[in-house]
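Let me begin by presenting the structure, written as structure tokens, before commenting on it.
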Ligand code: UDX
């Protein structure tokens, strides 16, 4: 099978590298972070991702997966070089490509036979062309490489399953030779009849942005519907359910909540707007999606202020800090906005998350972190459910009411039945559902 170098052992690189090894390829994962590589060599993962550790161990044992800091050596050994380095947002919403170009520069130095260069991390439309220009300008001859855009569509928390059973694999390249090499890398997926979408590089780059912008649009749309439902006494969950039964709409990504977060949607929607702007056109819908999402996060605070108008000296319990369950990631999580707003108003915070407390501590060391949901609710003036971890779905409401200072609950993930909670004597609010007291 193919020899692959996966450059960047972040979330995308580690899952993709391990998955490609499991498909039978020989994968060397490279990172400049020595500590990370040392840990991986000792079976310690730098991220929390269900099922990943077992898959890493299995493929390391089979001799198909290895980890190194030696970029030059890895490039020399492999015919296919995947770039999975970070592509963070710059201040102006553009994608910062400096890590990608660092990899390209290293490649230009050491390349001595044909390589397929694959961009896996999300890059601005036109990056493939820029990589070609850069390599040519550094004297690399054009028959020494081909460029492929192979965007990832992995969801944190279910990334292993998403990699092993994808809805589609997008391969953007104009080279028949590179396309065949890439198809071979993904050959295991043929048995599952996974659609392979072959297209040009720019179209592949655009597919990634359009997909994520569309999903973010669905979320902001249903959040807007939820807010209107609140104003007209309708129930967003039933609206979403009925809408989702229409096959053209589909039921997925129609859960109203405190706004989307994570490493992809906020970054990719901003980049989408920027790409349109730079191309002299507009992305009006996605601009609004971003604004609706910003306001949705603040809406959680508005709901809290309805019950607790003055937060000064009050303690608010937060159940869930990650941007969604099954991850320790807090990037752009609604919890970040909620914490900031409460602290600014003089409130205190007690927080609990099964996985994300260490990450949140890096942003907010000053809040109190406790070891369980039972501890969060003790003595607090209100509790806000921010992440729909399973362990929050079935809490003992009698107990919670008995230990809270005031039984106020804001359920931003709609995981409780309003009437049940209200009957237990709580002041309760949620997102877009009828509240009858
Ligand atoms: C997403 C995309 O799904 C994936 O294809 C892409 O490559 C990376 O970005 P991820 O960020 O891991 O994956 O999370 P996802 O499960 O898509 O959720 C993103 C955010 O949307 C979360 O904050 C989640 O709570 C929110 N969300 C999702 C909703 O508020 N409502 C929904 O119906 C679905």
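The values are calculated or read from the model by the stated rules, or taken from the named source; none is laboratory data. As the structure is a computational prediction, the values presented were derived from the model and not from experiment. Neighbour counts are summed over all protein chains in view; Cβ atoms, including those assigned to glycine, are modelled from backbone coordinates with ideal geometry.
Please work out if residue 325 is within 16 Å of the ligand (Cβ to nearest atom), in contact (Cβ under 8 Å) with a residue 40 or more places away in the chain and under 19 Å from residue 433 (Cβ atoms). If you could, list the steps in order and put the result at the bottom.
Details: within 16 Å of the ligand (Cβ to nearest atom): yes; in contact (Cβ under 8 Å) with a residue 40 or more places away in the chain: yes; under 19 Å from residue 433 (Cβ atoms): no.
Answer is no for this residue.
Within the range 369-394, count every residue that is buried (at least 18 other Cβ atoms within 10 Å of the Cβ), assigned to a loop (DSSP other than H, G, I, E, B) and within 29 Å of the chain's Cα centre (by Cα). Lay out the reasoning, then the answer.
Here is the first cut: in the range 369-394, the ones buried (at least 18 other Cβ atoms within 10 Å of the Cβ) are 369, 373, 376-377, 380-389, 392.
Pick out the ones that are also assigned to a loop (DSSP other than H, G, I, E, B) and you get 380-381, 386-389.
After this cut, where a residue has to be within 29 Å of the chain's Cα centre (by Cα) as well, the list is 386-389.
Residues meeting the conditions: 4.
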Report every pair of residues separated by at least 6 positions or lying on different chains whose Cβ atoms are under 7 Å apart, first residue within the range 411-422 and free of Cβ contacts under 8 Å to residues at least 60 places away in the same chain and in the same structural domain as residue 256 (by TED's automatic domain parsing), second assigned to a helix (DSSP H, G or I) and within 16 Å of the ligand (Cβ to nearest atom). 415/392
Quick check on residue 102: is it more than 16 Å from the ligand (Cβ to nearest atom) and closer than 29 Å to residue 279 by Cα? yes
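For residue 261, are the conditions met, namely being within 14 Å of the chain's Cα centre (by Cα), over 15 Å from residue 414 (Cα atoms), at pLDDT 95 or above and in the same structural domain as residue 430 (by TED's automatic domain parsing)? Full working, then the answer.
Values: within 14 Å of the chain's Cα centre (by Cα): yes; over 15 Å from residue 414 (Cα atoms): yes; at pLDDT 95 or above: yes; in the same structural domain as residue 430 (by TED's automatic domain parsing): yes.
The answer is yes for residue 261.
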Looking at the range 396-410, which of the residues that are free of Cβ contacts under 8 Å to residues at least 24 places away in the same chain and assigned to a loop (DSSP other than H, G, I, E, B) is nearest to residue 304 (Cα to Cα)? 407
